[in-house]
Every structure is written in structure tokens, then in C-alpha cells.
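A.B. asks: Sharing a structure here in C-alpha cells format.
Please treat every number below as a calculation from the coordinates, not as lab data. Since the model is a prediction, treat every value here as computed from it, not as a measurement. Ideal geometry is used to build each Cβ from the backbone, glycine not excepted, and the neighbour counts take in all protein chains shown.
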Amino acid sequence: MRIKRITSVAACAAVLGTLAGCGAGSSESSGAVTVNWWTWSPEQAAAYEQCLPGFEKANPNIKVKISQYQVDAYFTKLTSGFVAGDAPDAFMNSVTYLDSYASQGQLMPLDKFIKGEKFDMNQYSIGASAWKYKDGKQYALPMDWATGVLYYDEKVLSKAGYSKKDVDNLTWTAKDGGTLWKMIKHLTVDENGVRGDEPGFNAAKVKTYGINNLEATGDPFGQNYWGWLLPSDGINIPNTNQWPTVFNYADPKVVQSLKLIRGLTNDGFSPKFKQFTTAGTQQLGSGNVALYEGGTWDAAALAALPGMKVGVAPLPAGAGGKRALMSNSNGNNIWVGSKHPEETWKWISYQESEACQTKAAVYNGSFLPSIAASMEALGKEQSAKGIDFSVFTDYVKNNELFPSPVYNNGNALTNAMVPQFEAYFTNKADESIFRKMQEQSKALLAGKQ
């Protein structure tokens, strides 16, 4: 779930557009219906504000109020709104919450709107299937997509003897880490200038780590961190991508993968868990790390780092030369309690038009649109600014993306698994913990909300 790496901002930072205030629900003023739409992302709030003039010109009897709330409080506030009956008409949602919200009857199925207006679901390059629930109904339109890439300081890699071709063609396997692990070790430099793969390297006094810490876990399968690497080597922790019955933590290849990742830290090639309080983008900018495995959403910020030319490379391929990359897609939901569902549908379907998606994405480059044509337009626009988006567009063209898993009891699984992963990565638990976690996953995935 991508929200774990989005920087939090003050709750209810300025409501965008001409309307003010933070209230939920719908209201009517001067004969116009007001549709309330929520997001946790300040960047996407600002981006979608760009679509308001066109929408309100085409729909003069509908006003839209965009509200953005701090991510740490966002879902709690949504749940409170469901209970109180004053939730927003529509909102951006993470797929982690699909099961809980749909099973509680809080989401409005969109099938009748999609069919009635012949809305083109084929325009999406990724994400649409992730928002179909177990009842076969479509509960959201995919808004964006994101996955991981490798960012690097071009001068640092060149000094270490690597070319763009080298980093573009890295491999990773559960057996030994592939050429990525070799590069990480060579890029690690201690305070005496000794590299990690040279005699005399001092792991206790590292000046520049080969890569940022990969151990953090914001969900049950390490998405945004170590979980991005595994699928290219044929490793899938859920036994099926939609509504799995078990997470295969005890699979030997999963265990070996996590041992490799913990070994990077224990051997001094990546920072310790929570060693740095600064973001990975800042670690790369300050020279603390040579490689940064980050999200597609980091591209614009890294390109703006002063005095540094940041390269972008795809995540490593598996031993067979193929990539399989988990991609998150946030969704646009309508609350079942909306008093104005028709007007709300007009707004979210407008948001999901090629025209709006392109305008919003190009505005600040804060998200990669799910609509293929809009993604292509963003890539061209960013390339004109000197930001290489070819890695992202190639992921789509080469069909290397698959949607992140959809599963029961997302909150319960996260709360149960994350502390255990942290115990393992901080050497407070050994590999025996994964068998226990696998058995726990069976019970939690089978449980009801």
C-alpha cells in the first residue's frame, strides 16, 4: 500500500478550490449540489484541483469540494464518518481497505453507472481488476499506479566503474542476490575509502552504504521495500493474488530472500533499521547511500536535487531475465450513504477521463495515471523537462506489472505481521518465526470482519 511512504501533512490542510471548510457529507448552496471528495495526498489534491474548472463548467449545477487529511488519521476519520453518517460522497482509497469497507456495506457498486454510460474500463493499463470484490462487482475506478525503481547518483556509479547499461541490466535471485548484491557491496565505502568487496573493509565505520535499508515493512508482504524484489524470481508470498488463503512466509525461497536482506544490514552494506530519520531521497542526496530503491512517486523530488544528476533504472530482473513487479493502485470509491450518487458519479468519472488524468498528472508529476494514454502524455512531458520517465512507461509497455494482492482482514494482518518482521530484521527473532506467521495468516485470511 503506497500510502506508507507519503509524507504526512497537517490535518485538513487548506481545502482546495473556491470552497472552504472541512465538513464531510453533501450540501446544497445556491441551487447547486456539492460533492465532497477526500484524499490523503496533498500532491494529488492540488493536481485534481486543476480539473475543477472544466468539470464545473460542464456541470454548472455541481460544485466539488476537495479535502485532504493527514494520512495517519485519514482512514480513522473515514470510519468515523461511516458511523456518524457524514462520510464524504467519494474518496481515494487503498486496496488494503477494500474488504473491510465492502463487507461492511460502505461502498457503492459502480457497475450500473459503468454499464449505463458505457464507461470505458479498457482505457486502464493496470489496476481495474484489483477493485472487483468477491461478489464480482466493481467498487472503484483505479486512479493511479506505482511500483519501485532504483535511483542513483550518476557520478557515484561512474566513479565506481559502472555504466548506465550495468545498472539497467541488474539481476536478483533468492540464491545469492544476483548482480544487484555484488553492486551494492562494491558501492559501499567505509571511512577509509575501502569498498565493501575489498580486503580491510570496516563494516562498523561506513561512510556510504550501497543501498538504503530494505527491511521496513508497512504491510504483510513488504511492498515498497524488500517485497518489490521477490516476484521477479518467481516468489509470491500470497498463494493467489486475489483473496489468498495463506501467505507462504515459510517457503524456503522466501526465508532465503529475507536472510539475504537482513544480511545486507548485518554486514554493513545497508543502514540499520530506522538508522536514519531522513527520507531515502535525502539519504541519496546527502551521500549516505549510493542506490535508493524507491517508489515511482519519488522521481520528481529526486530530479530536483541540486547539483546532482540522478539516474533511474528498473528494478532487477530475475535469473531468467524477466521482471514481475507488484504495483499498487489506489481507487476512487463512492460512499453508499451519498445523498447525491448521480452527481458524485459525474465527478469521479470526470476525474477518470483521459483529459482530467492527463491535466492532473502533468501538473505536478505526483502520480502515474492508470490510463495508458495519460501515462504516455506524462512521460513525454517529464522527458521534456529532463526527467527520464522511460523506465515507468517501459514497465507498462513490457507488461511487467501485476496488481498488489487483495485479501481479507487487511488491518488485522498488518497489525499482526509488521511487528514480527521488525523483530526478525532487528535480530530479535530467527527464521523459525516465519512458520508461526504462515499459520497466523491462514486464520486471519479466513476470518470475517
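A.B. asks: Compute the FRET efficiency between Q123 and K380 as 1/(1 + (r/R0)^6), taking r as their Cβ-Cβ distance and R0 = 25 Å, and round to the nearest 0.05. Walk me through the numbers before you get to the answer.
C.D. replies: Working: r = 18 Å, r/R0 = 0.72.
Once the sixth-power term is evaluated, E becomes 0.90.
A.B. asks: Taking the Cβ-Cβ separation of D394 and W243 as r and a Förster radius of 25 Å, what is the calculated FRET efficiency to the nearest 0.05?
C.D. replies: Details: r = 30 Å, r/R0 = 1.22.
After rounding, the FRET efficiency stands at 0.25.
A.B. asks: Follow-up question, since we're still on this one. Have a look at I235, N266, Q256 and report the one farthest towards the positive end of the charge dipole of region 204-272, computed about the Cα centre with Cβ charges (Lys/Arg +1, Asp/Glu -1).
C.D. replies: N266
A.B. asks: Please list, in order along region 70-77, the HN-Hα scalar couplings obtained from phi with the Karplus expression 6.51 cos²θ - 1.76 cosθ + 1.60 (θ = phi - 60°), rounded to whole Hz, x for Gly and Pro.
C.D. replies: Using θ = phi - 60°, the values come out as 3, 4, 5, 10, 4, 6, 5, 5 Hz.
A.B. asks: I would also like to ask the following. In nm, to one decimal, how far is the N427 label point from the K259 one, both placed 7 Å along Cα→Cβ?
C.D. replies: 1.7 nm
A.B. asks: Right, here's the next one. Over 19 Å between C-alpha atoms is what I'm after, so list which of K259/K436; K159/K205; K155/K205; K205/K272 land there.
C.D. replies: Over 19 Å Cα-Cα: K159/K205; K155/K205.
A.B. asks: With angles folded into 0 to 90 degrees, how steeply does helix 178-187 sit against the dominant principal axis of the chain? Use alpha carbons for both and round to 10.
C.D. replies: 70 degrees
A.B. asks: Using the beta-carbon distance between K339 and A73 and R0 = 22 Å, what value does 1/(1 + (r/R0)^6) give for FRET efficiency, to the nearest 0.05?
C.D. replies: Between K339 and A73 the formula returns 0.35.
A.B. asks: Which three extents, in whole angstrom, do the alpha-carbon atoms of region 21-137 cover along their principal axes, largest first?
C.D. replies: 41, 34, 27
A.B. asks: Can you list the residues, at least 5 places off or on another chain, whose amide H is less than 5 Å from the amide H of L141, using H built in the peptide plane?
C.D. replies: For L141, whose amide H was placed from the backbone, the distant partners under 5 Å are N332.
A.B. asks: Would you look at the GNM of the chain, springs on alpha carbons closer than 10 Å, and say which of N61, N330, N248 moves the most?
C.D. replies: Of N61, N330, N248, the most mobile in the Gaussian network model is N61.
A.B. asks: Now, a different point. Take every Cα pair under 8 Å in region 307-449 that's 6+ residues apart, average their separations, divide by the length, and report that relative contact order as a whole percent.
C.D. replies: Computed value for region 307-449: 23 percent relative contact order.
A.B. asks: Comparing G200, G294, G105, which has the greatest mean-square fluctuation in the GNM of the chain with Cα pairs linked when under 10 Å apart?
C.D. replies: Sorting by GNM fluctuation, first place goes to G200.
A.B. asks: Right, another one. I'd like the orientation of helix 252-266 relative to the chain: the angle between its Cα long axis and the longest Cα principal axis, in ° from 0 to 90, rounded to 10.
C.D. replies: For helix 252-266, the angle is close to 70 degrees.
A.B. asks: Hey, another quick one. Would you mind checking the tilt of helix 433-446 against the longest principal axis of the Cα atoms of the chain, expressed as 0 to 90 degrees and rounded to 10?
C.D. replies: For helix 433-446, the angle is close to 10 degrees.
A.B. asks: Which entry is the computed Rg and Dmax of the Cα atoms in Å for this structure: (i) 27.7, 101; (ii) 22.3, 77; (iii) 22.5, 86?
C.D. replies: Only one listed value fits the structure, namely (ii).
A.B. asks: Calculate one ³J(HN,Hα) per residue across region 392-401 by plugging θ = phi - 60° into the Karplus curve 6.51 cos²θ - 1.76 cosθ + 1.60, and present them in order as whole Hz with x for glycine and proline.
C.D. replies: Going residue by residue, I get 5, 5, 5, 3, 5, 4, 8, 6, 9, 9 Hz, with x marking Gly and Pro.
A.B. asks: What are the residues whose amide H is under 5 Å from the amide H of K65, where those residues sit 5 or more places off or on another chain and H is modelled from the backbone?
C.D. replies: Answer set, sorted by chain and number: V35, N36, W37.
A.B. asks: What's the extension gain from V83 to N411 if we count 0.36 nm per residue and subtract their Cα-Cα distance?
C.D. replies: Numbers: separation 328, 0.36 × 328 = 118.08 nm, distance 1.80 nm.
Stretched fully, the V83-N411 segment lengthens by 116.3 nm.
A.B. asks: Looking at this model, which pairs from K346/K380; K134/K442; K182/K397 are more than 22 angstrom apart at the alpha-carbon? Write out the running numbers ahead of the final one.
C.D. replies: Numbers: K346/K380 29 Å; K134/K442 18 Å; K182/K397 29 Å.
Long pairs (Cα-Cα over 22 Å): K346/K380; K182/K397.
A.B. asks: When a/c reaches 1.5 or more, the comparison of a/b and b/c decides; with that in mind, is region 231-306 rounded, prolate or oblate per its Cα gyration tensor? Please report the intermediate quantities before stating the final value.
C.D. replies: Details: a/c = 3.06, a/b = 1.67, b/c = 1.83.
Here region 231-306 falls in the oblate category.
A.B. asks: Write down the Å³ per residue value for the convex hull defined by the alpha carbon atoms of region 351-415. Write out the running numbers ahead of the final one.
C.D. replies: Numbers: hull volume 8.4 nm³, N = 65.
Enclosed volume per residue, from the Cα hull, is 128 Å³.
A.B. asks: Grab the DSSP H runs of the chain that are 4 residues or longer, score each as -39,500 (n - 2.57), total them, divide by all residues and round the 222 nm result to the nearest 500 deg cm²/dmol.
C.D. replies: Result for the chain, helices only: -10500 deg cm²/dmol.
A.B. asks: Let me ask another. Under a crude label model (7 Å from the Cα following the beta-carbon direction), how far is K57 from K175 in nanometres?
C.D. replies: 6.0 nm
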